[in-house]
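Asks: Mind having a look at this structure? Questions to follow.
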Amino acid sequence: MKLMCPMGWPWPRCAAGNGAAALRPAMALSCTLRLRQRHPLSAVLSSLPGWDRSLPAQKKAAQRKGKGKGGEGRSLPRSSWDERLADAVTPLWRFPYQEQLQVKYESQKKILQTLASCLEELGIGTQHPGGLCCPLQPIVPSPVINGYRNKSTFSVNRGPDGNPKTVGLYVGTGKARNIVCVKANHMENIPLKHKRVAQCYEDFIRHSPLDSCLLFHKGGHWRELVVRTTSHGHTMAIITFHPQDLGQEALATQKSLLKEFFTCGPGAVCALTSLYFQESTMTRCSHEQAPFQLLHGEPHIFEEVLGLKFRISPDAFFQVNTAGAEALYQAVGELGQVGGDTILLDICCGTGAIGLSLARRVSKVIGIEVVEKAIEDARWNAAFNGISNSEFHSGKAEAVLPQLLSSWEDAQPVVAVVNPSRAGLHYRVVRAIRNCRSIQRLLYISCKPEGEAMRNFTELCCPPDPGKKLLGDPFTPTLAIPFDMFPHTVHCELVLLLTR
């Protein structure tokens, strides 16, 4: 006898039944603007050797068969919409991997050349061969090229066929009013498990009588999906829902249906470790603004990096490429030249991965992170891994760091690591770092160094400016190492070592 859910799906028996086992088979401002004007992405790419949007037919055919260098196991997207999405999100996907690295390396050279020009205008002569502000090492390749993302965010909007309940990624822009949501089935950088969860979520909302929420003021409920996975096989799904004017009873019904679908229904094939639900009336919400509600499973998933176990909450930051993160963290330790008397200051620390991975090589680790749940994870991670020389502070870095540094004595050396969002560091954070004489080595990690990070670079390296309360000695760019954390895209993670 088939069980029928309230929405009409034929469901196998729930976990308590006999069929359960079968169901479990990511002047400073002017320099930034100048970089964007001089080197827009299209111009940077078109100026590089081998870049041609209209690839020759023979090369396309070779890649379709997976014969191109670095193209093993790849398949060309099947429709023009799939190709448009791949070109928008992963514009280097057609290129063999070694050519992708060359494109990115040339892009990083232009960024360092721009920084050198900015510093020269401030009277700081730092130019090295090639017009760079410091030596640039070869880009460190990603250990995993395809399906490397451990976190994917899927939107809900109208698809190419006009269906407003399509789950995928955007082609087009809101400004141009030409957004189309295209399924991510053929995206090279997204793992199969993420795509499976996205497809199941789409199946669920298409059976739901509730509309998708395309514009907040026009009603609708079903919004984005976030999928997080780990090398341990854990999968977390986070569904965002706009409550509009639904009452608590109606909300409880939707949560119950979601839980049943992903535990007893067709969605059970996803074998979710955790299923979260967030009622949100804003574009992005923290747990404090709109709590993540656990509908099913474990509250956390776990990952292992450099022999340490890390707990991950729904909104905690964790590097999107786990294998690449290991190489990045090892390099941070080497570049920082940390020792037994060193204090490692980890600003924007997320779950504490960088600091904890180096904790046994330093005197003390101090982490600062704005996401409170991430700090809870960091403290748990330290305790679970037997690390007792660490402390983690929750709050905005611009509020916590100045107070923290003002109480320090200058005797003990400090190595600072900053890994901010694309918005860069707040000015008060930059000022606190500049004015702390103990910080002689600073590692700035940025996934978008041509953006607001450029402003930070110039503020950290400019001559002392009493008017801006930048009183400490300036830093000097010493070495840059790009890490390819995002194969097939034009982005990479740049580690810039600054010393004084």
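Asks: Specify which of the listed residues (Gln278, Gln248, Gln289) is over 27 Å from the mean Cα position of the chain (by Cα) and among the polar types (S, T, N, Q). It would help to see each step written out before you state the result.
Replies: Working: Gln278 fails: over 27 Å from the mean Cα position of the chain (by Cα); Gln289 fails: over 27 Å from the mean Cα position of the chain (by Cα).
Within the list Gln278, Gln248, Gln289, the selection yields Gln248.
Asks: Filter the stretch 131-175 for residues that are over 30 Å from Thr476 (Cα atoms) and open to solvent by 60 Å² or more (accessible area, probe 1.4 Å) and give the result. So that I can check it myself, show each step before the final result.
Replies: Filtering the stretch 131-175 down to residues over 30 Å from Thr476 (Cα atoms) leaves 143-175.
Listed by number, the residues that qualify are Pro143, Arg158, Pro160, Asp161, Tyr170, Thr173, Lys175.
Asks: Output the residue which, of all residues in the stretch 471-500 that are in a strand (DSSP E or B) and surrounded by fewer than 19 Cβ atoms within 10 Å (Cβ to Cβ), is nearest to the chain's Cα centre (by Cα).
Replies: At the first step, the residues of the stretch 471-500 found to be in a strand (DSSP E or B) are 476-483, 493-499.
If we keep only those that are surrounded by fewer than 19 Cβ atoms within 10 Å (Cβ to Cβ) too, we end up with 476, 478-479, 499.
Numbers: Thr476: 28, Thr478: 26, Leu479: 24, Thr499: 27 Å.
Across the stretch 471-500, the extreme among qualifying residues is Leu479.
Asks: Return a yes/no flag: does the stretch 314-326 have any residue that is open to solvent by less than 10 Å² (accessible area, probe 1.4 Å) and closer than 13 Å to Leu443 by Cβ.
Replies: No: zero hits.
Asks: Taking the condition of being under 19 Å from the mean Cα position of the chain (by Cα) and more than 16 Å from His300 (Cβ to Cβ), how many residues in the stretch 342-356 meet it? Give the steps one after another, and end with the answer.
Replies: Applying the first criterion (under 19 Å from the mean Cα position of the chain (by Cα)) to the stretch 342-356 yields 346-355.
Those still in the list that are more than 16 Å from His300 (Cβ to Cβ) too: 346-349, 354-355.
Qualifying residue count, the stretch 342-356: 6.
Asks: All but one of (1) under 30 Å from Phe483 (Cα atoms); (2) open to solvent by 10 Å² or more (accessible area, probe 1.4 Å); (3) part of a strand (DSSP E or B); (4) not small (Gly, Ala, Ser) hold for Glu303, so report the exception by its number.
Replies: Against the list (1) under 30 Å from Phe483 (Cα atoms); (2) open to solvent by 10 Å² or more (accessible area, probe 1.4 Å); (3) part of a strand (DSSP E or B); (4) not small (Gly, Ala, Ser), Glu303 comes up short only on (2).
Asks: Here is a follow-up. In the stretch 78-107, how many residues are farther than 21 Å from Val171 by Cβ and not in a helix (DSSP H, G or I)?
Replies: Going through the stretch 78-107 one residue at a time, the tally reaches 1.
The values are calculated or read from the model by the stated rules, or taken from the named source; none is laboratory data. Please read these numbers as outputs of a predicted model, since none were measured by experiment. Positions of Cβ are backbone-derived with ideal geometry, glycine not excepted, and every protein chain shown enters the neighbour counts. Only protein heavy atoms, including side chains, enter the accessible area calculation; ligands, DNA and RNA are left aside. Shrake-Rupley method; radii C 1.70, N 1.55, O 1.52, S 1.80 Å.
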